[in-house]
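Participant: This is the structure, below, for whatever I ask next.
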Amino acid sequence: MHVLVPIARRHTSAEARAFANVVAGALRLERARIDTKMIGHGQQVVAGYSVRPLPGAPVATPLDWDELEPTLDPRALNLRTVPERVARLGDLHEPLLHGRRRLAIRTRLRNKS
């Protein structure tokens, strides 16, 4: 699962990674593992609504936080079901196109340089 956060374009890759590391550290207390190595210039991202090259044609589908339950079956989000889902719920990926959030960690990173 990928968690995407819309941030202001003024932040560097290093700042985004530092922020993600702070979040990852906090979530380790909840036994969640977050891999922040893919945050950076030139790193690959799985685009929302892209079909994955797997049996059943699963689709990388944006989810609402409320949908993250143990009963969630990623295989149910596929080429046949996602178009109806988007028609019903709208494009949950669209808000990411308007990332304006600033990272509070920015000031601390500058002071370390």
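Participant: Counting each DSSP H run of 4 or more residues in the chain as -39500 (n - 2.57), what helix-only mean residue ellipticity at 222 nm follows after dividing by all residues, to the nearest 500 deg cm²/dmol?
Facilitator: So the helix-based figure for the chain works out to -8000 deg cm²/dmol.
Participant: Answer with one residue from Leu68, Pro55, Thr81: the one whose Cα lies farthest towards the positive end of the charge dipole of segment 49-92, charges on Cβ with Lys, Arg +1 and Asp, Glu -1.
Facilitator: Pro55
Participant: Let me ask something additional. Just add up the charged neighbours of Thr81: K/R +1, D/E -1, any other residue whose Cβ is under 15 Å from the Cβ of Thr81.
Facilitator: Overall, the nearby charge balance is +2.
Participant: The list (i) 22, 17, 12; (ii) 30, 16, 14; (iii) 25, 21, 13 gives values of semi-axes √(5λ) of the Cα gyration tensor in Å, and only one came from this structure; which label was calculated from it?
Facilitator: Of the listed options (i) 22, 17, 12; (ii) 30, 16, 14; (iii) 25, 21, 13, (ii) comes from this structure.
Rule-based calculations on the coordinates, nothing more; no lab input. Bear in mind the structure is a predicted one, so any value in this text is a computation, not a measurement. Reconstructed Cβ throughout: ideal geometry from the backbone, glycine too, with neighbour counts over all protein chains shown.
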